Amino acid sequence: ETGVTQSPTHLIKTRGQQVTLRCSSQSGHNTVSWYQQALGQGPQFIFQYYREEENGRGNFPPRFSGLQFPNYSSELNVNALELDDSALYLCASSLRGRRQETQYFGPGTRLLVL
Amino acid sequence: KNEVEQSPQNLTAQEGEFITINCSYSVGISALHWLQQHPGGGIVSLFMLSSGKKKHGRLIATINIQEKHSSLHITASHPRDSAVYICAVRSSSGTYKYIFGTGTRLKVLA
């Protein structure tokens, strides 16, 4: 177990709705990354937060947004959901500054958009 | 062409076989991870490499920075090794971006 938790584990939404996914980082970690993994594909980098600021973003539209809180927990928000947003959403925490930075993954939130 | 390519995409082996999964990448990296993902989605980090070779139990990972290639080896494979193995590289471009391969689906038969 990595110490990274995500909620909810599963979620069903309809097209056009908004969703908030949550991630609790491993204790002491100051960096969180979010990934989208479509069925049968490898994870795709959405964005990363370091000390509450976005620090790198993948090829995702602005309707994907995030927050990192002072306790380093994090949220991923997706507005105007589309069918293609159905995927497993993974967060991973790490400690920036360590030479050998290792990401610790949460179990994921499986989102289904109908 | 993907920046991180894995081969094979699917692999079926008999229990006890020696298994090799390959990863090639085309970008500059500061580190490479091998990850294991079981059905249901949870990902476990197996190794992080920036050079050379690492061993943990029956798992061995190697990386050749000049050739931009890494391999994950499993000795004496067991059905519980059945999972998807994913290679992920950390870009050296400064944005701490990770690029993932599509994974190798391994099934070890008893």
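On the principal axes of its alpha carbon atoms, the protein assembly as shown extends 48, 37, 35 Å, with the longest extent given first. Based on C-alpha pairs under 8 angstrom that are at least 6 apart in sequence, region B:1-79 has a relative contact order of 33 percent. Label positions at B:Glu3 and B:Lys55, each projected 7 Å from the Cα along the C-beta direction, are separated by 3.3 nm. Semi-axes of the equivalent ellipsoid of region A:28-75 are 21, 12, 8 Å, computed as sqrt(5λ) over the eigenvalues of the C-alpha gyration tensor in descending order. Charge dipole of the protein assembly as shown (Cα centre as origin; +1 on each Lys and Arg Cβ, -1 on each Asp and Glu Cβ, all else neutral): 280 debye, rounded to the nearest 20. With θ taken as phi - 60° and the Karplus curve 6.51 cos²θ - 1.76 cosθ + 1.60 applied, the whole-hertz 3J(HN,Hα) list for region B:51-58 is 6, x, 8, 9, 9, 9, x, 8 Hz, x standing for glycine and proline.
Each residue of region B:11-26 was assigned a 3J(HN,Hα) from its phi angle through the Karplus curve 6.51 cos²θ - 1.76 cosθ + 1.60 (θ = phi - 60°); the sequence is 8, 10, 9, 8, 3, x, 5, 8, 10, 10, 10, 10, 9, 10, 9, 10 Hz, with glycine and proline shown as x.
Enumerate lysine pairs in the protein assembly as shown that are 8 or more residues apart or on different chains, then count those whose Cα atoms are under 28 Å apart. Pairs that pass both the separation and distance tests number 15.
Quick one: check the C-alpha center-to-center distance for region A:25-65 versus region B:57-90, whole angstrom. Going from one Cα centre to the other spans 24 Å. Shape analysis of chain B yields a ratio of the Cα radius of gyration to the Kirkwood radius, Rg/Rh, of 0.96. Since only B:Cys87, A:Val32, B:Ser51 are under comparison, the one whose Cα sits farthest along the positive direction of the charge dipole of the protein assembly as shown, derived from C-beta charges on Lys, Arg, Asp and Glu, is B:Ser51.
Take every Cα pair under 8 Å whose residues are at least 6 apart in sequence, average their separation, divide by the length of region A:1-91, and the relative contact order is 34 percent.
Computed over chain A with a Gaussian network model linking Cα atoms closer than 10 Å, the most mobile of A:Leu21, A:Leu83, A:Leu95 is A:Leu83. Seen from B:Pro39, the other residues with C-beta closer than 15 Å to its C-beta sum to a net charge of +3, counting Lys and Arg as +1 and Asp and Glu as -1.
A short reminder: the numbers here are calculations on the coordinates, not readings from a lab. Quick caveat, the model's predicted, so the values are computed rather than measured. Quick reminder, even Gly has a Cβ in these numbers, built from the backbone with ideal geometry, and neighbours come from all protein chains shown.
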